[in-house]
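Working notes, beginning with the structure itself.
The values are calculated or read from the model by the stated rules, or taken from the named source; none is laboratory data. Computed from a prediction, not measured in an experiment: that's the story for all the values here. A quick note on method: Cβ atoms are made from the backbone with ideal geometry, for glycine too, and the neighbour counts reach across all protein chains shown. All accessible areas refer to the heavy atoms of the entire protein, side chains included, with ligands and DNA or RNA removed. Shrake-Rupley method; radii C 1.70, N 1.55, O 1.52, S 1.80 Å.
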Amino acid sequence: MNRPNVVIVLADDLGYSDISPFGGEIDTPQLERLAARGVRMTSYYVTPRCSPSRAALLTGRHPHSVGIGVLTTDNRPRGYPGSLDPDVPTLAERVKDEGYATAVFGKWHLASDMTVPSATWPTRRGFDEFRGMLPGASSYRNPPITEGEQRVADADLPEDYYFTEDITQSGVDFIRRRAEAEEPFFLFLAYTAPHWPLQADESDIAKYRDRFGVGWARVQAERFARMRDLGVASGVERFEVGADLDGWPADARWETERMAVYAAQVESLDRGVGRILDALEVAGVDQDTIVLFFSDNGGCSEEITPGRTSFSELVCPPVTRAGEEVVVGNHPDLMPGPANTYQSYGERWATVSNTPFRMWKRWVHEGGISTPFIASWPAGGVPAGADIMPGVGHIIDIVPTVLDAMGLESDLEGESLLPVWRGEPTEERTLFWEHVGNAAVRRGRYKLVREWGGPWELYDIAVDRGESHDLSAAEPALAAELLAEYEAWAQRNGVIPWEDVLADHVSRGLAPERAMG
């Protein structure tokens with residue numbers, strides 16, 4: 001049996017074109033280094049949100065079928081459990097049975113109970129080691145760190161603590177130890193960067209102020225030009241800067257700062273990737289290690305309302321470690337970055353992050369489900385040189401791909417991506433999505449998609465991946481055929497109709513918007 005090591009690096013809320021190998025202006029030389037060791041995919045899909053993507057990644061199944069239909073709220077008996085089904089094996093459990101050491105460092109976000117250990121915590125889902133946080137977001141300076149199943153005291157964290165660096169250091173140490181023991185390993189690095197809150201070091205923020213101070217429209221136009229030069233603007237023959245990006249406030253210091261901090265968070269993640277690659281090389285295992293990089297969904301358009309009180313203390317600590325009050329919300333008179341702020345970068349910058357696609361995280365138009373994807377495995381026949389490989393991939397393909405690399409059979413719906421990465425011909429396939437009523441099916445070049453409450457739209461993704469020309473009126477038979485396929489898939493995978501989810505919340509006296517998670 002083949003036993004390559006596996007390292008999966010997952011970013012959080014990173015837009016399709018934020019990193020430099022995909023046209024972005026953020027400095028990400030280590031991701032360029034990783035791409036030069038392997039290949040890129042421009043048609044790799046995830047789900048449109050954090051928890052569902054993690055569920056699909058680790059099980060190789062669509063998230064609704066394993067308990068994660070929205071996020072991690074337990075809405076039983078008429079809704080999703082909000083925890084990863086303990087009866088469905090994870091990738092960690094599968095490879096552990098084959099003698100692998102396993103670890104996850106970073107964000108878990110797959111358990112409805114984040115205070116009492118249960119069958120859905122990482123240490124009970126096949127991971128030997130865990131250090132990170134159980135909720136979906138928190139302060140980068142003062143997060144609720146759990147190691148194994150024990151909460152780490154804030155006093156035990158260094159004064160200059162930063163979550164991204166903790167994740168990286170944990171990964172570096174794990175690689176060194178496992179390589180010394182000559183054990184094959186599976187390492188899942190689940191970064192929270194660049195998910196809100198916007199918090200980073202001033203030394204990283206400063207250089208980006210001039211870069212983003214030119215405005216949304218100019219940044220997007222220049223980014224798209226680079227994408228075309230790189231060949232990563234797949235299927236976008238027509239592109240115009242969105243009208244909503246026109247204009248730029250006279251006093252744009254706050255808008256500039258938001259994207260500058262976001263960029264600093266991405267650069268910190270990139271440095272982490274570099275340290276992981278260095279650790280693999282020092283340990284002498286870089287050639288026979290599969291390294292994957294992608295994001296859990298597209299850029300996030302959420303604006304955090306000033307004074308928002310719905311965050312738990314796990315997600316938003318009320319004070320900093322120095323005892324300062326944390327000011328919650330997007331206050332234009334308060335610059336983001338320090339630990340006592342809790343802000344997001346908003347819809348316009350998210351639109352730039354997802355260039356050239358429509359919509360954002362939570363939606364299943366291309367902007368919500370498309371991610372930059374890099375794969376490297378020198379000893380496995382994956383060519384070096386940052387080639388762009390044609391073919392379509394989905395997050396449910398990760399488990400079958402790893403099993404294939406190990407020479408094992410897969411019983412899952414997803415497909416091994418090894419043939420795609422090696423440049424071999426692949427057959428047309430059909431992919432599906434649903435999240436909070438937003439739904440889509442893509443078969444070959446055609447995609448049927450809807451935003452909840454709106455009509456179904458049909459696009460020829462091969463030439464209109466920007467989803468600008470709706471073909472549903474011209475091709476009603478094709479639209480009906482794809483809709484029938486979607487409905488059959490939804491039935492097979494336990495997708496609860498969104499109107500039923502909303503009705504259940506109303507019947508329990510809950511606001512319908514709480515169904516969103």
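Summary table
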quantity: Chain lengthening between Ala206 and Glu182 when straightened (0.36 nm per residue, less Cα-Cα); calculated: 4.4 nm
quantity: Where the range 127-276 is the region considered: accessible area per residue in Å², 1.4 Å probe; calculated: 40 Å²
quantity: Interchain or long-range residues, amide H under 5 Å from Val6's placed H; calculated: Phe185, Phe186, Leu187, Ile290
quantity: Estimated dipole of the range 252-389 in Debye, rounded to 20 [Cβ of Lys and Arg +1, of Asp and Glu -1, Cα centre]; calculated: 320 debye
quantity: Extended-chain gain in nm, criterion 0.36 nm per residue less alpha-carbon gap, Arg228 and Thr426; calculated: 68.8 nm
quantity: The range 105-174: radius of gyration over Cα atoms, expressed as a fraction of 2.2 N^0.38 Å; calculated: 1.05
quantity: DSSP-assigned coil residues among GluC sites (Glu not before Pro) in the range 1-102, each with at most 15 further Cβ atoms within 10 Å; calculated: Glu98
quantity: For the range 269-354, alpha-carbon Rg relative to the globular expectation (2.2 N^0.38 Å, N residues); calculated: 1.53
quantity: Cα-based equivalent ellipsoid, the range 135-207: semi-axes from gyration tensor eigenvalues, Å; calculated: 25, 16, 12
quantity: Modelled FRET efficiency - R0 51 Å, Gln287 with Ser310, Cβ distances, 0.05 increments; calculated: 0.60
quantity: Hydrodynamic radius (Kirkwood) for the range 124-247, which is based on Cα pairs only, to one decimal in Å; calculated: 18.4 Å
quantity: Descending semi-axes in Å of the range 389-517, equivalent ellipsoid built from Cα gyration tensor; calculated: 30, 22, 12
quantity: Antiparallel %, DSSP beta bridges [both residues in the chain], to 5; calculated: 45 percent
quantity: Interatomic Cα distance distribution for the range 3-144, bins of 10 angstrom, percent; calculated: 10, 36, 35, 17, 2
quantity: Rg/Rh (Cα only; Kirkwood hydrodynamic radius) as it applies to the chain; calculated: 0.94
quantity: Of all accessible heavy-atom area on the chain, the percent that carbon and sulfur account for (1.4 Å); calculated: 49 percent
quantity: The range 355-461, Cα convex hull volume normalised per residue, Å³; calculated: 114 Å³
quantity: Charged-residue dipole, Cβ positions (Lys, Arg, Asp, Glu), the chain about Cα centre, Debye nearest 20; calculated: 220 debye
quantity: Stretchable slack from Glu93 to Glu149, in nm (0.36 nm times residue separation minus alpha-carbon distance); calculated: 18.4 nm
quantity: Qualifying chymotrypsin sites (Phe, Trp or Tyr not before Pro) in the range 319-427, DSSP loop, other Cβ atoms within 10 Å at most 15; calculated: none
quantity: Sequence-distant residues sharing a close amide H with Ala11 (under 5 Å, placed H); calculated: Phe294, Ser295, Asp296
quantity: Label-point gap, in nm, between Ala36 and Val327 - each point 7 angstrom along Cα→Cβ; calculated: 4.3 nm
quantity: The range 393-461: GluC sites (Glu not before Pro) in DSSP coil with no more than 14 other Cβ atoms inside 10 Å; calculated: Glu409, Glu427, Glu428
quantity: Efficiency of FRET from Cβ geometry, Trp254 and Glu487, R₀ 35 Å, rounded to 0.05; calculated: 0.15
quantity: Environment charge at Pro144 (Cβ cut-off 14 Å; Lys +1, Arg +1, Asp -1, Glu -1); calculated: -2
